[in-house]
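Chemist: First, the structure itself, so that you have it in front of you.
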Amino acid sequence: MAVKLIPSAADRRLLDESRGTRAMTWVMAIMLFLTVLAGALGLGTRSAARSLDRQLAGRLTVQIVTPESALRDRQGAAVIAALKRLPDVKRATPVSREELATLLRPWLGSDGMDPDLPIPAMIDVDLVDASELAIARAIAAVQRIVPAARIDRQESWMAPVSDFMAMITSLAGALVLLMAAATAAVVILAARAGLETHRDTIQVLHMLGSTDIQVSRLFQRRIALDTLVGGMLGTALACAVIALVGMQVQALGSDLLSGVMLSARDWTLLLLLPVLFALLATFAARIAVTAALSRIL
Amino acid sequence: MANIVQFENVGLRYGTGQETLSDVSFTLASGAFYFLTGSSGAGKTSLLKLLYLAQRPTRGLIRLFGEDAVTLPRKRLPGFRRRIGVVFQDFRLVAHLSAYDNIALPLRVSGVPESDIAAPVGEMLAWVGLSDRAGAKPPTLSGGEQQRVAIARAVISRPEILVADEPTGNVDPDMAERLLHLFHSLNRLGTTVVVATHDFHLLGRIPGAHMMRLDGGRLLDPTGSLRFPPVQPE
């Protein structure tokens, strides 16, 4: 029973493995099931937020509200030509009257198609990069031709959505940390209960000259194994649920929800959770056992 | 012979009650054999607990292997305990381990490789007459058999001091004689042996054994020979 990383079969026999109902394995399965789901929610939302940011960053909408349609069309064409001359601009395209009428249909009905109805000209602009300087140059170019033109950054419209997603990501991260703390607390309680159950054996070991580290290793191994086995079970179940939800999301065909996908790196992180929790459990068990043993002679 | 244990005015009190041991002073010579006697409640088990470092005294000085055992840091206790073999009054065998594994326990605690364990454990099982019971677990062993397993466990690592609390309490006279013979054999190999017993018949069986008698928590030493043992030739 000397200090070794992997205990021998004889060391493993020291704590009566037949005792107890291994409830710890099931508790850990539930903990990891919930943790992996929370982790997946956080990673998926973060991925969606990044995808949204990538899509909207550097996109502008120019509105020309000149009432006279012929002037408005000329101004629109001039603005597009000016924008296309800028090296920062990847694309500048007018939004067709048909598209605008479709967008306005909820408010105007079929009147939106009336050619006499003064509808602002709209131009979609994609910039090569989303830097503040590039945006300022594009705005200046537009305002030189039409000082009254209104220019909106598309990302500002989606800012509340981005903020919401960031909040969900933070919440999921907090949930993972909370579950880790709860796991450590469960392990400490289990280790203390184990010490009580095996009090007689531990007293004998102490009297024979066992060190606290030797005794704590017996508990660490057992708790780490329970956490790993339970954790793998919980993680497998959670991954199955995540895959099922992923298929449902894909079937919806939503642009926004399509960003809520897990990358290979995200899956690796989720699959590492039971190992990380087993390490955490080992550490917590060691702290709990050595602290308890230090109070006896 | 050098002194291996020294008690000076040792007192022990549990909680706020009366002292269980008072002003106990004695010296144990290395390689000697001692009987500790006294009526029930005289403090024999408490004295042995101090000897095998299961308890610290409330007052006084204890020197063990030449070092102060009272202020010994906790982390050094395992090293000291490995040099002391203990036969507990209630055996304290690990119930779910076989007789073989119980006897092997001190060697495993000391980090002896598994390949070097089988031979000495087999030898010990034969020594206490339990070779055919190696795989039996304590609950299936008789009181006498459990006693012998406990003794084998206490002596397998050849301790410098062997402390036995009523080791013959659960065995018949023949077995008591045999066990005492085992202790004597170990003593002849150089181990200091302290046997607490009620059994006055055993006291004369070990030639040259010293007698320690406790009465009401005090060690009777009318001649002072326990405190200041006569110098003997090496």
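Chemist: What's the total number of residues in the range B:29-87 that are in a strand (DSSP E or B) and within 12 Å of chain A (Cβ to nearest Cβ)?
Modeler: Looking only at that region, the number is 4.
Results for (1) in the same structural domain as A:A281 (by TED's automatic domain parsing); (2) within 15 Å of the chain's Cα centre (by Cα); (3) more than 30 Å from A:A130 (Cα to Cα); (4) not aliphatic (A, V, I, L, M), shown as yes or no for each residue.
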| residue | (1), (2), (3), (4) |
| --- | --- |
| A:M167 | yes, yes, no, no |
| A:G173 | yes, yes, no, yes |
| A:A191 | yes, no, yes, no |
| A:T197 | yes, no, yes, yes |
| A:I213 | yes, no, yes, no |
| A:Q248 | yes, no, yes, yes |
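Chemist: For the range A:88-189, list the strands (runs of 3 or more DSSP E) that sit wholly inside it and hold at least 3 residues that are touching a helix residue (DSSP H, G or I) at 6+ places or on another chain (Cβ under 8 Å) and buried (at least 18 other Cβ atoms within 10 Å of the Cβ); which are they?
Modeler: A:89-94, A:121-127
Chemist: Something else: Is it fair to say A:R217 is assigned to a helix (DSSP H, G or I) and either away from chain B (no Cβ under 14 Å) or surrounded by fewer than 16 Cβ atoms within 10 Å (Cβ to Cβ) (or both)?
Modeler: When the stated conditions are applied, A:R217 does not pass them.
Residue by residue, here is whether (1) out of contact with any helix residue (DSSP H, G or I) (no Cβ under 9 Å at 6 or more places or on another chain); (2) more than 19 Å from A:V36 (Cβ to Cβ) holds:
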{"position": "A:A193", "(1), (2)": "yes, yes"}
{"position": "A:R217", "(1), (2)": "no, yes"}
{"position": "A:L252", "(1), (2)": "no, yes"}
{"position": "A:D266", "(1), (2)": "no, no"}
{"position": "A:L273", "(1), (2)": "no, no"}
{"position": "A:A292", "(1), (2)": "no, yes"}
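Chemist: If you don't mind, another one. Taking the condition of being free of Cβ contacts under 8 Å to residues at least 24 places away in the same chain and of a type in the set (G, A, S), how many residues in the range A:192-244 meet it?
Modeler: 5
Chemist: Then there is this: Scan the range B:64-105 residue by residue and report those that are of a type in the set (D, E) and buried (at least 20 other Cβ atoms within 10 Å of the Cβ).
Modeler: The answer is B:D101, and nothing else.
Chemist: With the requirement that a residue be within 14 Å of chain B (Cβ to nearest Cβ) and either among the aliphatic types (A, V, I, L, M) or in contact with an Asp or Glu (Cβ under 6 Å, 6 or more places away or on another chain) (or both), what does the range A:190-210 give you?
Modeler: Answer for the range A:190-210, where residues must be within 14 Å of chain B (Cβ to nearest Cβ) and either among the aliphatic types (A, V, I, L, M) or in contact with an Asp or Glu (Cβ under 6 Å, 6 or more places away or on another chain) (or both): A:I202, A:V204, A:L205, A:M207, A:L208.
Chemist: While we're looking at this one, here's another question. Select the helices (runs of 4 or more DSSP H) contained entirely in the range B:97-200, then report the ones holding at least 2 residues which are away from every other protein chain (no Cβ under 14 Å).
Modeler: Counting at least 2 such residues, we get B:118-127, B:143-155, B:173-188.
The values are calculated or read from the model by the stated rules, or taken from the named source; none is laboratory data. Quick caveat: nothing in here was measured; it's all calculated off a predicted structure. Reconstructed Cβ throughout: ideal geometry from the backbone, glycine too, with neighbour counts over all protein chains shown.
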